[in-house]
Amino acid sequence: MISFPKDFLWGSATSAYQIEGAWQKAGKGPSIWDAFCQVPGRVANNEHGERACDHYHRIREDVALMKQMGLKAYRFSIAWPRILPDGTTKKINEAGLQFYSDLIDELIAQDIEPWVTLYHWDLPLALQVEEDGWLRKSIADRFADYARVCFDRFGDRVKNWITINEAWVIAILGYGQGVFAPGRVSNAEPYLVGHHLLLAHARAVEVYRKEFQAEQGGRIGITNNCDWREPATDNPADHEAAQRALEFFLGWFADPLYFGHYPQCMVDRLGDRLPQFSPEESELVKGSSDFFGLNHYTTTLASDEPGRVVPGEAHNNAGIAEDQGVRLHLDPSWTTTEMDWAIVPWGCRKLLEWISERYDQPDIYITENGGAFPDQLVDGRVDDQDRLGYLKTYLAACREAIDNGVKLRGYFVWSLMDNFEWAAGYDKRFGIHYVDFETLERIPKASALWYGEMVKNEGSFTV
Ligand code: PNW
């Protein structure tokens, strides 16, 4: 029998573009994902989020799904262009604000704590076209202005803010490999974009702390994603490679937050492709997260491999393979999900312990964890034993990390429901609720029924 601390926070997560639909409704401006999906070949089957799960019209029904499971928290994101159609405060779209206000009210009425992400990748298209998106430093001012509107309108009810979701994905997949919006391919832009993401985050936190936090009493942080990197052999070079890979993945964004500067191995290897923080910027970024938000899915092996580039190999980050000098590969004995991501629960424990040690035991929230599996709807039910197994074994690994001193405070399963899985479209189902994309009906999978029972039993379960 496994059990979690009584005050552990149990939730589920989604993001705006992946579930809302209503892409042109009630004054919403276009985002870079609306545009990216229009380019033939960028998304599987040329799918898009124009309707998605139609969550925009179903907030009562969807909050009821959470209530049914007894969830304590729900993590969702605000679509920036729904609030500010051209990205700037020149025009504030009241209808967009009303939608999120209604969602927040409904959550609170059902005793579910809203956890709000301000940026989950749907940049207002105007900011991309007219101001080069995250490539320009002025984006930090735009983001701070947008964040201020959200704090001002929702901060009376929202006490948990996440500025940016997965800076690594935005930088590497959006500006390195070009597989996510805005689809750019470069080996220098990701580092510039990453720099501006950190500055934007820090500016929004500054606004919150100076203008809202004392009065509203909430907290604010950022969510970064990281896989675990396990040395492929006992060879010291492979140990160093794994450590380097973790620093290039998570240290890139977390070191500045906790230490005020980038990891030394990045400075050494990237030369002038890695921007520098001015002393004032370093001060602004350092200490700017009230908690450590972590999205974690998988693990790879890491081998030292100076200068080798292997496009398409292993887990999606061949673009920086050369920079970090690491070859990523899988142990053939590992099973994988539909994303070809290996299922390695102990990697989750090791990553939590690595974070805890490197950053001196911060409060950690896993803001995403879960898997895509080949779900079958049979007689109105989805018996997703593979997802259930994934969740149980990853949660057992989380519990071990807590036993070992990690201050893990909460867990949000990705995702509340099947949704638009970015470049993979609707084929890859991550939900604990099945969505019929014809009728838009939601059906709890076995994993949702189990998760709800586990939450109601205050985090007790057997593996
Ligand atoms: C995260 N990778 O995306 C996102 O936050 C979610 O919106 C998404 O649905 C979920 O994980 C599942 O993919 C990622 O290639 C996308 O390393 C790609 C990677 C990592 C996370």
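Scanning segment 376-391 for residues that are open to solvent by less than 90 Å² (accessible area, probe 1.4 Å), over 14 Å from VAL413 (Cβ atoms) and assigned to a loop (DSSP other than H, G, I, E, B) gives LEU377, GLY380, VAL382. Residues in segment 284-302 that are within 16 Å of the ligand (Cβ to nearest atom), open to solvent by 20 Å² or more (accessible area, probe 1.4 Å) and among the hydrophobic types (A, V, I, L, M, F, W, C): LEU301 only. Taking segment 402-433 as the range and being over 21 Å from the mean Cα position of the chain (by Cα) and not polar (S, T, N, Q) as the test, the residues that pass are ILE402, ASP403, GLY405.
For every residue, the table says whether it meets (1) more than 27 Å from SER289 (Cβ to Cβ); (2) touching a Ser or Thr at 6+ places or on another chain (Cβ under 7 Å); (3) not β-branched (Val, Ile, Thr).
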| position | (1), (2), (3) |
| --- | --- |
| PRO345 | no, yes, yes |
| ASP360 | no, no, yes |
| PRO374 | yes, no, yes |
| LEU440 | yes, no, yes |
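Apart from one condition, ARG442 fits all of (1) within 12 Å of the ligand (Cβ to nearest atom); (2) touching a His at 6+ places or on another chain (Cβ under 6 Å); the exception is (1). Scanning segment 407-451 for residues that are open to solvent by less than 10 Å² (accessible area, probe 1.4 Å), of a type outside the set (Phe, Trp, Tyr) and assigned to a loop (DSSP other than H, G, I, E, B) yields SER415, LEU416, MET417, ASP418, ASN419, GLY425, GLY431, ILE432, LEU440, LYS445. Total residues in segment 213-235 satisfying the condition of being assigned to a loop (DSSP other than H, G, I, E, B), touching a residue at least 12 places away in the same chain (Cβ under 8 Å) and open to solvent by 30 Å² or more (accessible area, probe 1.4 Å): the figure is 4.
Determine the pairs where a residue that is at negative phi, located within segment 160-172, has a partner that is charged (D, E, K, R) and away from the ligand (no atom under 11 Å from the Cβ) with Cβ atoms under 9 Å apart, the partner being 6 or more residues away or on another chain. Close Cβ pairs satisfying both conditions: ASN160/GLU113; ASN160/ARG219; TRP161/ARG219; TRP161/ASP290; ALA171/GLU189. Figure legend. Inter-residue proximity from segment 8-34: first residues among the basic types (Lys, Arg), second residues assigned to a helix (DSSP H, G or I) and open to solvent by 10 Å² or more (accessible area, probe 1.4 Å), beta-carbon distance below 7 Å, spacing 6+ or different chains. Indicated pairs: LYS25/TYR56. I need the full set of residues from segment 93-111 which are part of a helix (DSSP H, G or I), within 19 Å of LYS25 (Cβ to Cβ) and open to solvent by less than 60 Å² (accessible area, probe 1.4 Å), in order please. ALA95, GLY96, LEU97, PHE99, TYR100, SER101, LEU103, ILE104, GLU106, listed by residue number. So which residues in segment 241-272 are open to solvent by 60 Å² or more (accessible area, probe 1.4 Å) and part of a helix (DSSP H, G or I)? Of everything in segment 241-272, those that are open to solvent by 60 Å² or more (accessible area, probe 1.4 Å) and part of a helix (DSSP H, G or I) turn out to be GLN243, PHE259, GLN264, VAL267, ASP268, ARG269, ASP272. SER3 meets all of the listed conditions (1) in contact with a Gly (Cβ under 6 Å, 6 or more places away or on another chain); (2) closer than 24 Å to ASN295 by Cβ but one, namely (2). When every residue of segment 79-92 is checked against the conditions, none turns out to be at pLDDT 95 or above, over 24 Å from PRO182 (Cα atoms) and open to solvent by less than 30 Å² (accessible area, probe 1.4 Å).
For TYR394, the test of being surrounded by 21 or more Cβ atoms within 10 Å (Cβ to Cβ), in a helix (DSSP H, G or I), within 16 Å of the ligand (Cβ to nearest atom) and under 18 Å from the mean Cα position of the chain (by Cα) is passed.
Inspect all residues belonging to segment 8-15 and state whether any of them is more than 23 Å from the chain's Cα centre (by Cα), outside any strand (DSSP E or B), away from the ligand (no atom under 16 Å from the Cβ) and surrounded by fewer than 20 Cβ atoms within 10 Å (Cβ to Cβ). No - not one qualifying residue is present in segment 8-15. The set of residues in segment 352-366 that are of a type outside the set (Lys, Arg), part of a helix (DSSP H, G or I) and touching a residue at least 24 places away in the same chain (Cβ under 8 Å) comprises LEU352, GLU353, TRP354, ILE355, SER356. Here is the figure for segment 23-63: residues that are surrounded by fewer than 20 Cβ atoms within 10 Å (Cβ to Cβ) and either of a type in the set (Ser, Thr, Tyr) or at positive phi (or both) total 6.
Residues that are closer than 30 Å to ASP363 by Cα and at pLDDT below 80 within segment 273-328 comprise HIS315, ASN316, ASN317, ILE320, listed in sequence order.
Residue under question is TRP334, and the condition is that it be within 14 Å of the ligand (Cβ to nearest atom), at pLDDT 95 or above and closer than 16 Å to TYR394 by Cβ; does it hold? The answer is no for TRP334. The residues listed here are ASP403, ASP427; of these, the one that is away from the ligand (no atom under 13 Å from the Cβ) and of a type outside the set (A, V, I, L, M, F, W, C) is ASP403.
The values are calculated or read from the model by the stated rules, or taken from the named source; none is laboratory data. Please read all numbers here as calculations on a predicted model, not as lab measurements. In this analysis, Cβ positions are derived from the backbone assuming ideal geometry, glycine residues included, and neighbour counts consider all displayed protein chains. What goes into the accessible areas is simple: the full protein's heavy atoms, side chains included, and nothing from ligands, DNA or RNA. Shrake-Rupley method; radii C 1.70, N 1.55, O 1.52, S 1.80 Å.
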